[in-house]
Structure formats: structure tokens, C-alpha cells
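The values are calculated or read from the model by the stated rules, or taken from the named source; none is laboratory data. Model, not experiment: these values are computed from the prediction. Neighbour counts are summed over all protein chains in view; Cβ atoms, including those assigned to glycine, are modelled from backbone coordinates with ideal geometry. For the accessible areas, the whole protein counts, side chains as well, though only heavy atoms, and no ligand, DNA or RNA atoms are used. Shrake-Rupley method; radii C 1.70, N 1.55, O 1.52, S 1.80 Å.
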Amino acid sequence: MGCNRYLGKYSVLDVELWGILDGLTLIHYRRYEGVMIQIDSLEAVKTIQHSSLMSSNSALIKHVHILLASAELWVIQHFLIGLNK
């Protein structure tokens, strides 16, 4: 999925998280039960895995966690850029 909005001057991590949030929003509205996120940003994977809804100061990460909590099963995997084709 590509980025479909103007994000201004944000970090690469923020742009990756916005992409994940957009995908999760689509999945949520279509009421899928499971989610598999495959991304080449190790920083995004670690941020999602190591932060919780309650501990995060970021509204973006909190929203990602809210949508992940609505899925019965979710998995996030890091893929090297060369394997992401």
C-alpha cells in the first residue's frame, strides 16, 4: 500500500506508522479477524511491539494499538528491503 496523503515534514518512522494505521483502518472497517503486518522498518516493528496502549505518549501509536486490539489475531514481521518485492 502506498502513502495516499500529504504528511508534511515527518520522520520516516512516523510515515511508516501512518501507513500501518491506514491499512489497519481499512481492515477494521472490513471486519477482518486477523492481521499480518509485514514491513521493512525494524524501528516501526520495535515501536509497535515494545509500546503499549497505556504507556505510549504518541497518539499515532495509541491509535495503532486500538485497531490491533480489535483484531482477534495480529502478527507483525520485519522483512529486509531486498525481500520486500
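Just a few scattered comments:
- Most to least accessible of 62, 46 (protein chains only, probe 1.4 Å): 46, 62
- Added length on full extension, which subtracts the Cα-Cα distance from 0.36 nm per residue, residue 71 to residue 22: 16.2 nm
- In the range 12-78, the portion of solvent-accessible area held by carbon and sulfur atoms comes to 55 percent [1.4 Å probe, whole percent, DNA, RNA and ligands not counted].
- Modelled this way, with points 7 Å down the Cα-to-C-beta line, the labels at residue 31 and residue 62 are 2.8 nm from one another.
- Ranked from largest to smallest solvent-accessible area, with a 1.4 Å probe on the protein heavy atoms, 76, 66 come out as 66, 76.
- Separation in nanometres of the label points that stand 7 Å from Cα toward Cβ, at residue 10 and residue 43: 1.3
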